[in-house]
Amino acid sequence: MIVALQRDDHTAREPRPAVREGPLQPVLREYKPQKFGNETFTRDFKAQWFKQYPWLSYSIDRKVGTCYVCSKFMNDNTFTFCNWKKTERLTKHHQSEAHSLAMTKWLEYRQMQRKSSSIISIIDDGHRNYAKRNREVFTCNHRMSLLHCPTKHRSKRP
Ligand SMILES: [Zn+2]
């Protein structure tokens, strides 16, 4: 029994696959300020777009916006966003058919991840309860043996 418990503990300690996945959405003070056309002011990538478009990923190395879902679920890396003036490109991509399909796949993937992580926690709970029960049984047996053992002392009492 003890051997089996130790083996269980060892498996529980093994690293689980990383659950934290998703687009890279760094919130920076400055991304890549640029002037567009004849404009006299600079425009920059806006962190608020992450809220509007949850699939939007920002590559710090390349200084462009990309689509996380199309890249991950459709192997399509063609969408890049680097003209901060043309925000309609984000809307257009957001509404495109291929992208919608990728979004559905992402949703399903996340649901599956949630399900499997809840299964892991059920298994963990099961293991904890099992270990707790074993401890209780042990304590109970231990107490019983203490009660039954000292017969000699009991006979000494008046
Ligand atoms: Zn996309």
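Return the residue satisfying two criteria in turn: it lies in region 72-109 and is outside any helix (DSSP H, G or I) and of a type in the set (Ser, Thr, Tyr), and of such residues it is nearest to Pro23 (Cα to Cα).
Among residues in region 72-109 that are outside any helix (DSSP H, G or I) and of a type in the set (Ser, Thr, Tyr), the one nearest to Pro23 (Cα to Cα) is Thr80.
Only one of the numbered conditions (1) touching a strand residue (DSSP E or B) at 6+ places or on another chain (Cβ under 7 Å); (2) within 14 Å of the ligand (Cβ to nearest atom); (3) free of Cβ contacts under 8 Å to residues at least 12 places away in the same chain is not met by Gln95, and that is (1).
Filtering Pro23, Pro17 for residues that are in a loop (DSSP other than H, G, I, E, B) and at pLDDT 95 or above leaves a single hit, Pro23. Based on this model, can you work out whether Thr66 counts as exposed (fewer than 14 other Cβ atoms within 10 Å of the Cβ) and within 16 Å of the ligand (Cβ to nearest atom)? In short, no. Scan region 110-129 and give yes if some residue there is surrounded by 14 or more Cβ atoms within 10 Å (Cβ to Cβ) and part of a strand (DSSP E or B), otherwise no. There is no residue in region 110-129 that is surrounded by 14 or more Cβ atoms within 10 Å (Cβ to Cβ) and part of a strand (DSSP E or B). Every listed requirement among (1) surrounded by 15 or more Cβ atoms within 10 Å (Cβ to Cβ); (2) under 30 Å from Ser117 (Cα atoms) is met by Lys51 save one, (1). Just to be sure, is Tyr130 under 22 Å from the mean Cα position of the chain (by Cα) and either over 25 Å from Glu21 (Cβ atoms) or within 16 Å of the ligand (Cβ to nearest atom) (or both)? Answer is no for this residue. If I filter region 93-107 for residues that are within 23 Å of the chain's Cα centre (by Cα) and of a type in the set (D, E, K, R), do I get at least one hit? Yes, region 93-107 contains at least one residue that is within 23 Å of the chain's Cα centre (by Cα) and of a type in the set (D, E, K, R).
The values are calculated or read from the model by the stated rules, or taken from the named source; none is laboratory data. In this text the structure is predicted, and so the values were computed from the model without any measurement. So basically every Cβ, Gly included, is an ideal-geometry build from the backbone, and we count neighbours across all protein chains shown.
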